[in-house]
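Heads up: the structure comes next, in structure tokens.
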Amino acid sequence: MTVFEVGQTRVVIPVKNFEEAKQRLSSSLSPHQRADLARLMAENVIAACRDLDTAVACDDDATALWAHQLDVDVIRTDGLDLNGAIGAALADTESLGWKSMAVVHADLPLATRFIDLIRGHTEQVLIVTDRLRDGTNVLVVPTESGFRFEFGPASFENHLMVAADLGLTVKVIDSPCYSWDIDEPIDLIIPRDLVGDPEQLHSYTERELLQVINSSIDAGPGTLDRPQLPGTEVEHR
């Protein structure tokens, strides 16, 4: 089984058509604001991943054109749901000779230099959960592992079980910059201490992004403790 190597890792970012994205924010943001927010977050994630070969997985012409304009490769996944699309991206990544693939979701407004997050690990699977330790915001897997993707409710625990079934070693990384995703209106209120120094964020549209999100409180986010499966190590970064 291939062991994880940063230099042999391709990043895949699944991106939904911006006009259709983030419907659960409709009570707080207009359709135009939702589209702008989705685009700005995706651009921030792409900028954070620039040190690695990066591709966007999408199923429409407008998103593909946007990705090409940012000089990012495109993997078309027409007619597939998220898990099917990521599975197709894994097959494409393996066919090109990459040893591992990192799935990084596009709704991470605080994402910073991705290579710093994953450098130095020898585990075959790396996971960054959302801040409730339910979802999977980042997932790195070996391309030849036959990994089964389980994005959706309880995906963190499901991905741990898939890795265990395949006999893969796992590192779980707790990263504030990658655990904060935007799905619900409450997610738009980002604690100031997480935003940090704007000079350190990788998005060239960071000011516009924060204008849409309107970070305004000092309280830190809560977390839910989940049982840790045997053989899983948690690292805080």
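The values are calculated or read from the model by the stated rules, or taken from the named source; none is laboratory data. Note that the structure is a prediction, hence the values are computed from the model and not measured. Because the Cβ atoms are built from the backbone with ideal geometry, glycine has one as well, and the counts that use them run over all protein chains shown.
The figures follow:
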item: Leading residue by the ranking (modelled with the lowest pLDDT) among those in the range 161-186 that are farther than 22 Å from Ile115 by Cβ and touching a helix residue (DSSP H, G or I) at 6+ places or on another chain (Cβ under 7 Å); result: Pro185
item: Pairs with Cβ under 8 Å, 6+ apart, first in the range 17-34 and under 24 Å from Ala85 (Cβ atoms), second surrounded by fewer than 13 Cβ atoms within 10 Å (Cβ to Cβ) and aliphatic (A, V, I, L, M); result: Asn17/Ala62; Phe18/Ala62; Glu19/Ala62
item: Of all residues making up the range 83-130, the number that are within 17 Å of Met41 (Cβ to Cβ) and of a type in the set (S, T, N, Q); result: 1
item: Conditions (1) among the aliphatic types (A, V, I, L, M); (2) surrounded by 16 or more Cβ atoms within 10 Å (Cβ to Cβ); (3) more than 19 Å from Phe151 (Cβ to Cβ); (4) modelled with pLDDT of 95 or more: number failed by Leu29; result: (4)
item: Residue, surrounded by the fewest Cβ atoms within 10 Å (Cβ to Cβ), within the range 149-163, restricted to residues that are in contact (Cβ under 8 Å) with a residue 24 or more places away in the chain and in a loop (DSSP other than H, G, I, E, B); result: Gly152
item: Candidates Thr143, Thr93, Thr129, filtered to the one that is closer than 20 Å to Asp53 by Cβ, touching a helix residue (DSSP H, G or I) at 6+ places or on another chain (Cβ under 6 Å) and among the hydroxyl-bearing types (Ser, Thr, Tyr); result: Thr143
item: Residue within the range 3-23 that is more than 16 Å from Ala102 (Cα to Cα) and in contact with a Ser or Thr (Cβ under 6 Å, 6 or more places away or on another chain) present; result: yes
item: Check on Ala67, under 12 Å from Val15 (Cβ atoms), surrounded by fewer than 20 Cβ atoms within 10 Å (Cβ to Cβ) and modelled with pLDDT of 90 or more; result: no
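Results for (1) of a type in the set (Ser, Thr, Tyr); (2) in a loop (DSSP other than H, G, I, E, B); (3) touching a residue at least 12 places away in the same chain (Cβ under 8 Å), shown as yes or no for each residue.
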position: Leu80; (1), (2), (3): no, yes, yes
position: Leu90; (1), (2), (3): no, no, yes
position: Gly97; (1), (2), (3): no, yes, no
position: Asp107; (1), (2), (3): no, yes, yes
position: Leu117; (1), (2), (3): no, no, yes
position: Arg133; (1), (2), (3): no, yes, yes
